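Asker: Sharing a structure with you now.
The values are calculated or read from the model by the stated rules, or taken from the named source; none is laboratory data. Remember, predicted model here, so these are calculated numbers, not experimental data. Here the Cβ positions follow ideal geometry from the backbone for every residue, glycine too, while neighbour counts run over all protein chains shown. Quick note on the areas: whole protein, heavy atoms, side chains included, nothing else; ligands and nucleic acids left out. Shrake-Rupley method; radii C 1.70, N 1.55, O 1.52, S 1.80 Å.
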Amino acid sequence: MAKQGKSIMATTIVVTILTFFFKILGFVKQAVVAYYFGTTFETDIYNVAFSFVGMLSSAFIKAITISLVSIYTHTLVQKGRDEASRLISACLEMLLPVVLCVLLITYMITPQIASMLAPSYSPEESILLQHYLYICYPFFLFAVITLVWTSIMDSNKDFVVSRTESFITSITTILSCVLLYNVQAVKSLVIAQYLSYIIFGSLLLIRGRRYFKFTFTRFSNVPEVKQVLITALPLFIGNSVGQINRIVDNSVSTGLVYGTATALSLAVSLEDFVCNILINNVVDILYVNFSTYVAENNREKLISTMKSAINIMICLMVPITIITCMCSREIVSIAYFRGSFNEHSLVLTSSALIGYAIGFTSSGVRDIVIRVLYSYKDTKGPMITGIFAVAANIFFSIVLSKFIGVMGISIASSICLTVNFLINSQMLKKHVPEYSIGKHLPTLCKQIPSTLVLVLIVYLIKNIFNSNVIVFALSAIVGLIGYFSVLTLMRISEISIVRDKVIDRIKNRG
């Protein structure tokens, strides 16, 4: 048991390090793309087309694969590898014809899809968008193969190869930009995506042979297929709701100045970098603890952990939001301001980043509340909440973009996250009647003095120094030290708990 625990810990550490490294490389990839292409009409076209196919894949396939991991693992443990392989074979026999039908339908209605994605485009511009949609559609089929095989690998605790997708995509994109830009221009990005799917898919197929062998199977002989479909349905609806947000954002952005869709995409990359490192890793660990407390019917521990987690998330994300908003121009300049990425691109992307940064705190606390609902096996509630949140996003995106352009679109996304959190918090009372949003108000109010200190520090730094790197670095380091020093004086219990744990770990290592 001890060896197994060490093995799990070692695997977790390796995967975490690789994930962080690949995120950094992905960030470099985006910087290279920005250098070569900037924010233009052509990059808008590519981003709108590629995002649509990506959204289609996320909504349709991830729902299947999320449910597949659980049911495949259960079949593998209870019935053995042969039955687990039969389950995968049956799922592939079901998925591939469906995917081909979806592709056929999308090819047939591409003009209508282009009009939906970019209603303000001229007929000539719409035809160009259709062209990019046609050449991006096959990514959907590649996504099926890679996601199913990734599910197989994860279920067999073989994580390393399945986590190399972002690495391969980043490398092929960087090389394609360097080698093919002068010949293929924006299409070099499409070529890079095809190459990355082929390389990654080949690695998965080679590695996956030890876990899976395809055999033609009758659905009636694999009852677990029905369970996969039933489990996937609410996930599919929930994922679709989230993807509609992106479609709306892209659709509205195409009605603004050229380069807006690309600016949103680049700002989202910066937002994802923050959220993946500071939010996703935390809530994934919390999800395991929440599930344990629910299984043990330990409501007191659940409420205590949830309250502390939300308060810590507030204390962590509020200063990051302020620094990102006040230093948005410096951050975007450090990341992208070179080559074809000009002043126009800088203004658009930094404005979009401010809007997304406003939602950092809402994103963190929303994810915590949703994980609690999932711990109670409640997937219907978040699905319904997502529908209301999308409605809010559509309304505010259309209205705000008319007054403040691209920032209005990203602020609408942040409003969507806040609406999502508020409604889910009310739905949580069905399972935890004692819970109330009001419990977090004292912690939220205590952020005000710290916020004023942080704003003053960043303001002074921006007026003393001119270098983007120095301004951002000092704002982050000095600003956060000042912020958390004030929070410590305010005697916020969660800050004291985190500080004590850090000190204990340092002492133990020493």
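Asker: Within the set of pairs 6+ apart or on separate chains, which have a first residue in segment 451-468 that is in contact (Cβ under 8 Å) with a residue 40 or more places away in the chain, a second that is hydroxyl-bearing (Ser, Thr, Tyr) and open to solvent by less than 50 Å² (accessible area, probe 1.4 Å), and C-beta atoms under 6 Å apart?
Answerer: Cβ pairs passing all conditions: 454/483; 458/475; 468/333.
Asker: While we're on this one: Output the residue which, of all residues in segment 249-270 that are open to solvent by 20 Å² or more (accessible area, probe 1.4 Å) and either of a type in the set (Ser, Thr, Tyr) or more than 19 Å from residue 390 (Cα to Cα) (or both), is nearest to the chain's Cα centre (by Cα).
Answerer: Residue satisfying both the conditions and the ranking: 269.
Asker: Determine, yes or no, whether residue 404 is closer than 28 Å to residue 347 by Cβ, of a type outside the set (S, T, N, Q), touching a Gly at 6+ places or on another chain (Cβ under 9 Å) and surrounded by 20 or more Cβ atoms within 10 Å (Cβ to Cβ).
Answerer: No: the conditions fail for residue 404.
Asker: Filter segment 335-362 for residues that are among the β-branched types (Val, Ile, Thr) and in a helix (DSSP H, G or I); which is farthest from the chain's Cα centre (by Cα)?
Answerer: The qualifying residue farthest from the chain's Cα centre (by Cα) is 347.
Asker: Scan segment 435-449 and give yes if some residue there is of a type in the set (D, E, K, R), under 30 Å from the mean Cα position of the chain (by Cα) and buried (at least 17 other Cβ atoms within 10 Å of the Cβ), otherwise no.
Answerer: Looking for residues that are of a type in the set (D, E, K, R), under 30 Å from the mean Cα position of the chain (by Cα) and buried (at least 17 other Cβ atoms within 10 Å of the Cβ), one finds at least one in segment 435-449, hence yes.
Asker: Of all the residues that make up segment 70-129, how many are of a type in the set (Lys, Arg) and open to solvent by less than 90 Å² (accessible area, probe 1.4 Å)?
Answerer: 1
Asker: Of the residues 212, 219, which is surrounded by 17 or more Cβ atoms within 10 Å (Cβ to Cβ) and not hydroxyl-bearing (Ser, Thr, Tyr)?
Answerer: That would be 212, the only listed residue that is surrounded by 17 or more Cβ atoms within 10 Å (Cβ to Cβ) and not hydroxyl-bearing (Ser, Thr, Tyr).
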